[in-house]
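What follows draws every value from the coordinates through simple rules; no lab data is involved. Small disclaimer: the values here were computed from a predicted structure and weren't measured. Here Cβ is always computed from backbone atoms with ideal geometry, including for glycine, and neighbour counts include all displayed protein chains.
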Amino acid sequence: MSAVPILKRILAYGGILAIVIAVVGSIIGLLVAGGSGVLSALIGTAMAVVFLGITAASIVVATRIARGDFLSVAFFGIVMGAWLLKFVLFLVLVFLLKDQPWIQSTILFLSLVVAVLGTLVVDVVVIARSRLPYVSDVRLPGDAAEASPRGEQAE
């Protein structure tokens, strides 16, 4: 079994969340700060989507390179490298956008915070509802019809 279907579901729900945040944030930004509020809300939402995508992509790539071994050094190295990339990218974007006259910093900050918290909720809900086994190579009752010693089907 693979974590890829779970990550795809997280990306799908994260995309829906991003659309909702972009629309609501844009409306609030328009009412509060005009065009710069809309742009700020869209930039904050886009930043969160990019960070969510980097996380999912790093886990998919790390899983393929580590061949499903979640305890390998390669897996942790790739995932931690992606985390560091996101951190550096966030800092660069904050310093670049900090004093721009066309950015409404409060709207940008709030849309980014709502998007990050929303994606955390999406992650928790999807993972809590998923059925990924904790161990591999285990046969559970009902997984496959195994023959009993007397030739009867196991239940």
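Overview of results
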{"item": "Inverse of mean 1/r across different Cα pairs in segment 4-127, Kirkwood, Å", "result": "15.3"}
{"item": "Charge sum, other residues only, whose C-beta stays under 15 Å from SER105's C-beta, Lys/Arg counted +1 and Asp/Glu -1", "result": "0"}
{"item": "Rounded to whole Hz, the Karplus (6.51, -1.76, 1.60) HN-Hα couplings of segment 25-39, x for glycine and proline", "result": "x, 5, 5, 5, x, 5, 5, 8, 10, x, x, 5, x, 5, 4"}
{"item": "Derived scalar couplings ³J(HN,Hα) [segment 89-105; Karplus, 6.51 cos²θ - 1.76 cosθ + 1.60; whole Hz; x for Gly, Pro]", "result": "4, 4, 4, 4, 5, 5, 5, 6, 8, 3, 10, 6, x, 8, 10, 9, 4"}
{"item": "Using distinct alpha-carbon pairs, which all enter the 1/r mean, Kirkwood radius of segment 72-112 in Å", "result": "11.9"}
